[in-house]
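Enquirer: Mind looking over this structure? Questions follow.
What follows draws every value from the coordinates through simple rules; no lab data is involved. These numbers come from a predicted model, not from an experiment. So basically every Cβ, Gly included, is an ideal-geometry build from the backbone, and we count neighbours across all protein chains shown.
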Amino acid sequence: MARRDSATRVLPEEINALRDPVREAVAGVTAKFSREDWLAATRDGRFPTEAWDLMARQGLLGLGVPEEFGGSGGGLTEEVAAMEAMAEAGVPLVLFLLTVFARTPILLHGTPEQRQRFVAPTADGGSSLCFAITEPDAGTNSFAISTTAVPDGSGGYLLNGQKIFISGVDAADRMMVVARSTRLADAPDRRHGFSLLVLDVNSPGVSFTPLDMGLVMPDRQFTVHFDNVQVPAENIIGAPDDGFRYLFDALNPERMLAAAWALGLGDYALNKAVRYARDRSPFGKPIGAYQAIQHPLAQARTRLDAARLMMYTATRQFDAGMDAAYAANAAKLLASQAAVEACDAAIQTHGGYAFTDEYDVSAIWGVTRLIKVVPVNNEVVLNHIGEHVLGLPRS
């Protein structure tokens, strides 16, 4: 029987029909890989390969990959459901999020050979992907990136530049890199000149240095340098210089997966708080009976579920081939806000115990708060909505 949750009360039945079997498969992972195992991997500074292998055996890594490429089928809705359920169990893997959205433009715009070479191995966990776009001097202004991929004179490309805040480089096998194959100064339009390319993480000329982030999570972040990295022409996804057109087929799914990450962690924190509020009785009755405790938790429940409705609206639009940009951005915005609110309510409910390792509450807040900043900060999301939805002047 599928693991149902309170969110099923508000989600349309067609979403629940897709979501329930995914949650059941995730339960098969979390029965063998717990939050304690996840925290142990974090303390040891290692990627939890045992969880990755369990996800592979449960068919979760193949979600969204057509059966002809060895996948489990389905679409982004099922992939988001898996990310949500893993986070709700307190064991989110950012490498799953990265692999899912990085392979999406390959599935949509790659050649059959590229899908077989780059996507098929991800379906059974034999390969994974990370994604590199952010640069120190560009930040969220992707038009200003300066990493270049220029012809090497023999049919391939030479990649040079630097990326920062790149997650999972140490655990991934391949990296999708966003580079300029035509410099901004030479481009007829700022959208022209982007290329998406895939390379092996251990390619000569690729080096990376870990960042000291202070986050409680096993997926680490890095600065990545490219020094005359040779990239074969067959590793360019779609047409050179036309990568901007494909880019949002990665970035919109990334926003939905980030929303799932946030909502799952928000549910994890809220569920802990509700259990504690039912049991903690310093004045003779459970503290959950007091409105000062009960109301913030009830508010968190409603806001998490409202954001979840927007998230699954976005995934269904994307899976149907519709323009999901507004719903994806709105879902990321609402989910990150609701999750932080839920974590804050959980901390307040636990009081001082929230900051002890035994109760494991405050550690959730930092990772959840991060999602208001990544993969794109909420201010940029609001700029997008203001301009493209409300029709206001460009910020």
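Enquirer: How much mean residue ellipticity at 222 nm does the chain get from its helices, if each DSSP H run of length 4 or more adds -39500 (n - 2.57) and you divide by all residues, to the nearest 500 deg cm²/dmol?
Expert: Estimated from H runs of four or more residues: -15000 deg cm²/dmol.
Enquirer: Further question: Take the Cα radius of gyration of the stretch 245-389 and divide it by 2.2 N^0.38 Å, with N its residue count; two decimals is plenty.
Expert: My calculation over the Cα atoms of the stretch 245-389 gives 1.16.
Enquirer: Further question on the same structure: Mind checking the log10 I(q)/I(0) for the stretch 129-241 at q = 0.12, 0.17, 0.21, 0.23 Å⁻¹? Debye, one equal scatterer per Cα, no solvent, two decimals.
Expert: One equal scatterer on each Cα of the stretch 129-241 leads to -0.39, -0.77, -1.14, -1.33.
Enquirer: To continue, here is another question. Based on the Cβ-Cβ distance from Ala144 to Ser203, what FRET efficiency comes out when R0 is 30 Å, to the nearest 0.05?
Expert: 0.75
Enquirer: Here's a follow-up. Between Gly71, Pro48, Leu18, whose Cα lies farthest towards the positive end of the dipole of the stretch 6-92 when Lys and Arg beta carbons carry +1 and Asp and Glu beta carbons carry -1, centred on the Cα centre?
Expert: Checked the options; the winner is Pro48.
Enquirer: Please tell me the relative contact order of the stretch 6-92 in percent, rounded to the nearest whole number, where contacts are Cα pairs under 8 Å and at least six residues apart. Present the calculation step by step, with values, prior to reporting the outcome.
Expert: Working: 82 pairs, mean separation 27.9, N = 87.
Across the stretch 6-92, relative contact order equals 32 percent.
Enquirer: In addition: Kindly provide the trypsin sites (Lys or Arg not before Pro) of the stretch 190-243 that DSSP labels as loop, not H, G, I, E or B, and whose Cβ sees at most 15 other Cβ atoms within 10 Å.
Expert: Passing both the DSSP loop test and the Cβ count: Arg190, Arg191.
Enquirer: For the stretch 1-92, which trypsin sites (Lys or Arg not before Pro) pass both filters: DSSP loop (anything but H, G, I, E, B) and at most 15 other C-beta atoms within 10 Å? Let's see the in-between values first.
Expert: Details: sites: Arg3, Arg4, Arg9, Arg19, Arg23, Lys32, Arg35, Arg43, Arg46, Arg57; in loops: Arg3, Arg4, Lys32, Arg46.
When the trypsin sites (Lys or Arg not before Pro) of the stretch 1-92 are filtered for loop state and at most 15 Cβ neighbours within 10 Å, Arg4, Lys32, Arg46 remain.
Enquirer: Which residue, chosen from Ser128, Val231, Asn377, occupies the Cα position most advanced towards the positive end of the dipole of the chain, where the dipole is computed from +1 (Lys, Arg) and -1 (Asp, Glu) charges on Cβ about the Cα centre?
Expert: My answer, from the dipole projection, is Asn377.
Enquirer: What is the spin-label model distance, in nm, from Arg57 to Ala320 if the labels are put 7 Å beyond Cα along the C-beta direction?
Expert: Spacing of the two 7 Å Cα→Cβ label points: 3.9 nm.
Enquirer: How far apart, in nanometres, would the label points at Arg35 and Val389 be if each is projected 7 angstrom from Cα along the Cα-to-Cβ direction?
Expert: Reported label-point gap for Arg35 and Val389 is 3.2 nm.
Enquirer: Which order do the peptides 92-98, 124-130 take when ranked by the mean count of other beta-carbon atoms within 10 Å per residue, highest first? Please list the in-between numbers first.
Expert: Working: 92-98: 26.0, 124-130: 20.0.
The peptides rank, most packed first, as 92-98, 124-130.
Enquirer: Quick one: what are the phi-derived ³J(HN,Hα) couplings along the stretch 332-344, Karplus 6.51/-1.76/1.60 with θ = phi - 60°, whole Hz, x for glycine and proline?
Expert: Along the stretch 332-344, the couplings run 4, 4, 5, 5, 5, 5, 5, 5, 5, 4, 5, 5, 5 Hz.
Enquirer: In percent, how large is the relative contact order of the chain, given Cα pairs closer than 8 Å and 6 or more residues apart?
Expert: Averaging sequence separation for qualifying contacts and normalising by length gives 15 percent for the chain.
Enquirer: What is the calculated FRET efficiency for Asp189 to Ala292, with r their C-beta to C-beta distance and R₀ = 56 Å, to the nearest 0.05?
Expert: It comes to 0.50.
Enquirer: Out of residues 5 or more away from Ser128 or on other chains, whose amide H comes under 5 Å of its own, with H placed 1.01 Å from N in the peptide plane?
Expert: Asp173, Arg174
Enquirer: Just grab the label-to-label distance for Asp227 and Ala306, each label 7 Å out from Cα along the Cβ direction, in nm (one decimal).
Expert: 5.2 nm
Enquirer: If N is the number of residues in the chain, what value comes out of its Cα radius of gyration divided by 2.2 N^0.38 Å?
Expert: Here the answer is 0.99, to two decimals.
Enquirer: Taking amide H positions as placed in the peptide plane 1.01 Å from N, state which residues far from Gly73 in sequence (5 or more) or on other chains have amide H under 5 Å from it.
Expert: So Gly73 has HN proximity to Gly64, Val65, Glu67.
Enquirer: Based on the Cβ-Cβ distance from Arg46 to Gln162, what FRET efficiency comes out when R0 is 30 Å, to the nearest 0.05?
Expert: Numbers: r = 26 Å, r/R0 = 0.85.
Efficiency, from the Cβ-Cβ distance: 0.70.
Enquirer: Also, quick follow-up: I need the GluC sites (Glu not before Pro) found in the stretch 312-395, filtered to DSSP loop residues with at most 15 other beta carbons within 10 Å of theirs.
Expert: Loop-located and lightly packed - Glu358.
Enquirer: If contacts are Cα pairs under 8 angstrom and at least 6 residues apart, what is the relative contact order of the stretch 343-387 in percent? Could the numbers behind the result be given before it?
Expert: Details: 23 pairs, mean separation 11.5, N = 45.
Over the stretch 343-387, the number comes to 26 percent.
Enquirer: Please turn the phi angles of the stretch 71-84 into ³J(HN,Hα) values with the Karplus equation 6.51 cos²θ - 1.76 cosθ + 1.60 (θ = phi - 60°), one per residue in order, whole Hz, x for glycine and proline.
Expert: Taking θ as phi minus 60°, the curve returns x, 9, x, x, x, 5, 4, 5, 5, 5, 4, 5, 4, 4 Hz for the stretch 71-84.
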